[in-house]
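The structure appears right after this line, and notes come after that.
The values are calculated or read from the model by the stated rules, or taken from the named source; none is laboratory data. Please read all numbers here as calculations on a predicted model, not as lab measurements. Because the Cβ atoms are built from the backbone with ideal geometry, glycine has one as well, and the counts that use them run over all protein chains shown. Protein only, heavy atoms only, side chains kept; ligands, DNA and RNA dropped before computing areas. Shrake-Rupley method; radii C 1.70, N 1.55, O 1.52, S 1.80 Å.
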There are 2 protein chains.
Amino acid sequence: MVMSEQSFTKELARLVMESAPDLQGVAGHTARLGIIDYIAACCAARDDEGVVKLWNIVEAEGGAADVPVVGQKKKASFLKAALLNGFIGHALDYDDVHSDVRGHPSTVILPALLSVAAAGRPSGERFLAAYIIGVETMARLGKSIGSNHYMRGWHNTSTLGVIAAVAAAGYLQQLSQEQMEKAIGFAATQSGGMRVQFGTETKPLHAGIAAQAALLSLRLAEQNFGGSRSALDGNIGFLGLYGEPELAGKFLLADWGQSWKIADPGLWFKIYPFCSAAHHAADAVLRLVEKSAFDKNNIERVHIIFPPGGDAALIEKKPATGEQGRFSVEYVVSLALNGYSLTLDNFTNKPLSEDVSSFLPKVHRKYDETIEPAAHAVPKGRFTIVEVITSAGEAYRERIDCPRGAPGNGLSLEDLQYKLLASMDNDREKMHQLVQTIVTLKTEHDMQRLLALL
Amino acid sequence: MVMSEQSFTKELARLVMESAPDLQGVAGHTARLGIIDYIAACCAARDDEGVVKLWNIVEAEGGAADVPVVGQKKKASFLKAALLNGFIGHALDYDDVHSDVRGHPSTVILPALLSVAAAGRPSGERFLAAYIIGVETMARLGKSIGSNHYMRGWHNTSTLGVIAAVAAAGYLQQLSQEQMEKAIGFAATQSGGMRVQFGTETKPLHAGIAAQAALLSLRLAEQNFGGSRSALDGNIGFLGLYGEPELAGKFLLADWGQSWKIADPGLWFKIYPFCSAAHHAADAVLRLVEKSAFDKNNIERVHIIFPPGGDAALIEKKPATGEQGRFSVEYVVSLALNGYSLTLDNFTNKPLSEDVSSFLPKVHRKYDETIEPAAHAVPKGRFTIVEVITSAGEAYRERIDCPRGAPGNGLSLEDLQYKLLASMDNDREKMHQLVQTIVTLKTEHDMQRLLALL
């Protein structure tokens, strides 16, 4: 389909506004899990240094304090709360991932929705539907924009998230068709975020900036501000400028609503607080450690074997801090082989311990395009093999195609309750209140109750 | 020079911070003219509908009111004032242009500087120097990013302006070297703005969004927020992702400070309130009208002849309103040939008058790559020929290579005083106070006096 023959913007706006996802099915259930997971990710990051810095900036601006900032016991304005909630949700890279997105949907979409919900009076059901529609938009944009988008240097979480978040927020706010078309354009023209910022506090900030930009787009649409109604379309539109426009005809709109991407292929909830591209290796190395077939002092080399390009997100080979280590498969594997747990306390801004640091040079990445990916691989085509070679020349290998938490090997409600509990200092009563409210979320009253608990 | 061998980010940060432009020369003089011109552009737009809509959004957020919004008799917060001042300065497309930028420098740089000046206590001289440095950065980025950047669909005013504005603001605020390196990266990762928004209120909004993003970048740097110190560099850095990295080695840093781009080739101050790409045609058609060699009722066809691509910014061929007509050479030429003046009142959101509207189909664009551009052409390689063909078959032509206001044919202080006066309802006393303060701007006291007059 030739782009100039179709207005993707107009059709996307129409499909978004006419959507009515069935909340009794898997999509609705996954949306509830997604809210729990997002709150867990926020609470785990509540004392992050970056949060303090961002509050300093926000508070210098002053302004309204209407919208709860998750886990902070403070409120901020409509736009500023989204900046904070987006950053905090992604600060530890502990939030959900979607393989079609090649990035993090909820930490952009949910902050935008929380501000809209706090400013208005939507029902809990409409909030859930808006979230499902936001993930749908982001996943379809991810497939439509093509894999080169990410490879060229874009950070999909923010570049696509800003549009997805305004689709969700516009649905929640019940924009008109024309307003939604323009809102998509206001968001698209603010799309940004570069992968060169990976491994720094700016990576999670992209999520907050995108959420805030989505809400500015919503406000502009509400004001009937002038803007393009076809900003996705044509050679110089969003799809042409940021991606490969020939893909959109296949992926952006076809079969909309027949199933929901939040459930199929589904959100990936993280069991480890680091980049999902290292989760396969983490599962593999933990299996090796569990089997304890070798002495760690006898390890001569470790090979981490990927399909070509499978480690693109893992930009740190010699991290100086645990924070940088979130993007280092070398660090993750070295931690586990040296007896450290793969938990939050080992991914802070503290320097590496000596034993881990000196172990890093033993870990080498390899690429093998001859290995056949598994049919159930997540993401598609991905696998990671961890191979330990001892000084005696023995080799121990584990291969993971679909790590724990990924769709097909997903976390249960109980797993997520545990993640939430651990992230909020084991405050069991508060955790149960939250989970109960989210699992039964339905009315306007429920929605306000959830906001009050954040 | 291979990009990976050099850190453009680090060197740019160093050169910016070490700059000390001579304010007694042409650069200083042009900076003073640029401030007058920017204020004139803002005042001319003070009742624009978009300004009201944007104030609604800003006021809903609440917050501090420290920074004057030009011509509005109201103040807004550090970040929000920049959003407004950037939008207002560019709302009518009446603000300055720079050919190296292929966009509008002052409407992004000056709003950022005004917020910093209001929040701190810099001298007027440092303010002028910061402005010169901002334009320098933006012009050099424009040459470094390559002409394909614009052709692919980017709006240079915002994509490059956000980085230029943080360079200027960081200089004014006296950031450290490390802070400036990171500030450039915070700005680069927020770079955005698509040409699909041309002809709508979102085009000028890009300037405001970029100015605001530059100030968020400044605040992040002041907070020592974590970010890349080399965000311009490498294949996935800003220069590689948004442009053609091989150009930067030649244009970004070489001979920094030997002359200043604000003076050479210089800012282009607009005598007409529409896109500068139509100014050649405007001068040409006004010459034809002045000579009055033909009767307008006898015009059969009008040809507007450009070098290939010379009309890329002129996206409207059949504008419905005067506002869209800012990007329509057909409209500009039809106005003049029908006896209308090329002044602000003909570029509002009102529909076209019947005589102008029915004349549009007579105007045709042509491209002639065989015509030699003049040595003094501005921008380089550009010309426009307006050719009127009468029903008797007579042809009348005028060719313009360097229109009024462009460098080489620039406006004088007196011209700009006239522009300012016309834009502020002929309040001669206020105009003289402003001009006097700007022409003598030197001390901290002068700077505060200027802010108080805005």
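In Å and whole numbers, how far do the C-alpha atoms of the protein assembly as shown stretch along each principal axis, longest first?
Projected onto the principal axes, the Cα atoms of the protein assembly as shown cover 96, 55, 52 Å.
So what does A:SER147 come to for accessible area, using a 1.4 Å probe and Å² rounded to 10?
Using a 1.4 Å probe on the heavy atoms, I get roughly 80 Å².
Roll a 1.4 Å probe over the protein heavy atoms and report the accessible area of B:MET180 in Å², nearest 10.
0 Å²
Multiplying the sequence separation of B:SER357 and B:ASP264 by 0.36 nm and subtracting their Cα-Cα distance, what value in nm do you get?
Full-extension gain reported as 29.5 nm.
Cα centroid distance between the range A:349-394 and the range B:392-438, in Å?
Using only Cα atoms, the two centres lie 66 Å from each other.
Using a probe of 1.4 angstrom, how much of the accessible area of the range B:185-252 is carbon and sulfur, in percent?
The C+S portion of the solvent-accessible surface of the range B:185-252 is 47 percent.
Hey, with R₀ at 51 Å, roughly what FRET efficiency would A:ALA20 and A:MET151 work out to, going by the Cβ-Cβ distance, to 0.05?
Efficiency computed from Cβ-Cβ geometry: 0.90.
Dipole magnitude of the protein assembly as shown about its Cα centre, charges +1 at Lys/Arg Cβ and -1 at Asp/Glu Cβ only, in debye to the nearest 20?
400 debye
Which percent of the accessible area of the range A:1-82 is formed by carbon and sulfur heavy atoms (probe 1.4 angstrom)?
The computed percentage sits at 50.
Sort B:ASP37, A:ASP100 by heavy-atom solvent-accessible area, probe 1.4 angstrom, most to least.
Per-residue accessible area, sorted high to low, gives A:ASP100, B:ASP37.
If you take each beta carbon of peptide A:219-230 and count the beta carbons of other chains within 10 angstrom, what is the mean?
That works out to 6 on average.
Order B:SER353, A:SER144 by their accessible area, 1.4 angstrom probe, all chains in place, largest first.
B:SER353, A:SER144
Helix B:177-188 against the longest principal axis of chain B: what's the angle in degrees, Cα atoms only, rounded to the nearest 10?
40 degrees
Under the definition of partner shielding as Cβ atoms of other protein chains within 10 Å of a residue Cβ, what is the mean value for peptide A:55-65? Each step should come with its number before you reach the end.
On the way: counts 1, 4, 10, 3, 1, 10, 12, 8, 9, 4, 1.
Rounded to a whole number, the mean comes out at 6.
May I ask which residue of B:PRO105, A:THR200, A:VAL52 lies farthest towards the positive end of the charge dipole of the protein assembly as shown, with charges of +1 (Lys, Arg) and -1 (Asp, Glu) on Cβ and the Cα centre as origin?
A:VAL52
Determine the relative contact order of the range B:106-174: mean sequence separation of Cα pairs under 8 Å and six or more apart, normalised by residue count, in whole percent. Intermediate values should be presented prior to the final figure.
Details: 64 pairs, mean separation 38.3, N = 69.
Reported as a whole number, the value is 56 percent.
Using a/c under 1.5 as the rounded threshold, could you call the range A:327-442 rounded, prolate or oblate? The axes a ≥ b ≥ c are square roots of the C-alpha gyration tensor eigenvalues, and prolate needs a/b larger than b/c, oblate otherwise.
It comes out oblate by the Cα gyration axes.
May I ask for the accessible area buried between chains A and B, both sides summed, probe 1.4 Å, to the nearest 100 Å²?
Working: alone 17780 and 17760 Å², together 31220 Å².
In total, chains A and B hide about 4300 Å² from solvent.
Principal axes first, then extents: for the Cα atoms of the range A:85-205, list largest minus smallest coordinate on each axis, whole Å, largest first.
So the extents along the principal axes, rounded to whole Å, are 39, 28, 22.
Using bins 10 angstrom wide from zero, how does P(r) for chain A break down, in % of all Cα pairs?
Using 10 Å bins, I get a P(r) of 5, 22, 32, 25, 12, 4, 1, 0 for chain A.
Explain nothing, just the number: relative contact order of chain A, from Cα pairs under 8 Å at least 6 residues apart, as a whole percent.
20 percent
Given contacts defined as C-alpha pairs under 8 Å and at least six residues apart, what's the relative contact order of the range A:373-441, whole-number percent?
RCO, the range A:373-441: 21 percent.
Taking all protein chains as present, what is the carbon and sulfur share of the accessible area of the range A:326-443, in % to the nearest whole number, probe 1.4 Å?
The nonpolar share, carbon plus sulfur, comes to 49 percent.
Please work out the C-alpha center-to-center distance from the range B:127-162 to the range A:252-296 and express it in whole Å.
Centre-to-centre (Cα) distance: 42 Å.
A drop of at least 40 square angstrom in accessible area, chain alone versus all protein chains together, probe 1.4 Å. Which residues of the range A:117-164 meet that?
Checking the loss per residue gives A:ARG152, A:TRP154.
Under a plain spin-label model, where a point goes 7 Å from the Cα along Cα-to-Cβ, how far apart in nm are A:ARG121 and B:ALA65?
3.0 nm
Let me have the 222 nm mean residue ellipticity of chain A computed from DSSP H runs of 4+ only, each contributing -39500 (n - 2.57), with the sum over all residues rounded to the nearest 500. Please report the intermediate quantities before stating the final value.
Working: 19 runs with 218 residues, N = 454.
Calculated mean residue ellipticity at 222 nm is -14500 deg cm²/dmol.
Can you pull the mean other chain C-beta count within 10 Å for peptide A:425-435?
Working: counts 0, 0, 0, 0, 0, 0, 0, 0, 0, 0, 0.
The mean count of partner-chain Cβ atoms within 10 Å per residue comes to 0.
Could you do me a favour and compute the accessible area per residue for the range B:121-225, 1.4 Å probe, result in Å²?
Solvent-accessible surface per residue comes out at 17 Å².
On a full-extension model of 0.36 nm per residue, what is the gain between B:THR343 and B:ARG428, subtracting their alpha-carbon distance, rounded to one decimal in nm? Show your work: numbers first, answer last.
On the way: separation 85, 0.36 × 85 = 30.60 nm, distance 1.97 nm.
Contour length minus the Cα-Cα distance gives 28.6 nm.
Out of residues 5 or more away from A:ARG301 or on other chains, whose amide H comes under 5 Å of its own, with H placed 1.01 Å from N in the peptide plane?
So A:ARG301 has HN proximity to A:ILE389.
Keeping every protein chain present and rolling a 1.4 Å probe, give me the accessible area per residue for the range B:272-381 in Å².
45 Å²
Taking the Cα centre of chain A as origin, work out the dipole magnitude from +1 charges on Lys and Arg Cβ and -1 charges on Asp and Glu Cβ, in debye rounded to 20. Let's see the in-between values first.
Numbers: 44 positive and 51 negative charges, 82 e Å.
With only Lys, Arg, Asp and Glu charged at Cβ, the dipole is about 400 debye.
Heavy atoms of the protein only, probe of 1.4 Å, neighbouring chains included. What is the accessible area of A:LEU286 in Å², nearest 10?
Answer for A:LEU286: close to 60 Å² accessible.
How many angstrom lie between the Cα centre of the range A:167-208 and the Cα centre of the range A:67-90?
The range A:167-208 and the range A:67-90 have Cα centres separated by 16 Å.
Could you compute how fast the range B:300-339 diffuses translationally, taking Rh as the Kirkwood radius over C-alpha pairs and applying Stokes-Einstein at 37 °C with viscosity 0.692 mPa s? Give it in µm² per second.
Details: Rh = 10.7 Å.
Estimated via Stokes-Einstein, D reaches 306 µm²/s.
List, in order, the whole-Hz ³J(HN,Hα) value for each residue of the range A:78-90 obtained from phi through the Karplus relation with A = 6.51, B = -1.76, C = 1.60 and θ = phi - 60°; use x for Gly and Pro.
In residue order, the calculated couplings are 3, 6, 5, 4, 5, 4, 5, 5, x, 5, 5, x, 10 Hz.
If you roll a 1.4 Å probe over the heavy atoms of the protein chains, what accessible area per residue do you get for the range A:47-120, in Å²?
With all protein chains present, the range A:47-120 gives 24 Å² per residue.
Quick check: convex hull of the Cα atoms in the range B:239-278, volume per residue, rounded to a whole Å³?
Enclosed volume per residue, from the Cα hull, is 109 Å³.
Treat every Asp and Glu Cβ in the range B:361-454 as -1 and every Lys and Arg Cβ as +1, leave all other atoms uncharged, and give the resulting dipole magnitude about the Cα centre to the nearest 20 debye.
I would put it at about 160 debye.
Could you list, bin by bin from short to long, the percent of Cα-Cα pairs of the range A:49-106 in 5 Å steps?
4, 18, 28, 21, 13, 10, 4, 1
Restricting to chain A, compute how many DSSP beta bridges are antiparallel as a %, nearest 5. Mind dumping the intermediate values first?
Values: 19 of 25 bridges.
Percent antiparallel among DSSP bridges in chain A is about 75.
Which residues does a label at B:GLN174 reach in the range B:426-454, if reach means a backbone N under 20 Å from a point 7 Å past the Cα toward the Cβ?
Flagged as within label range: B:442-449.
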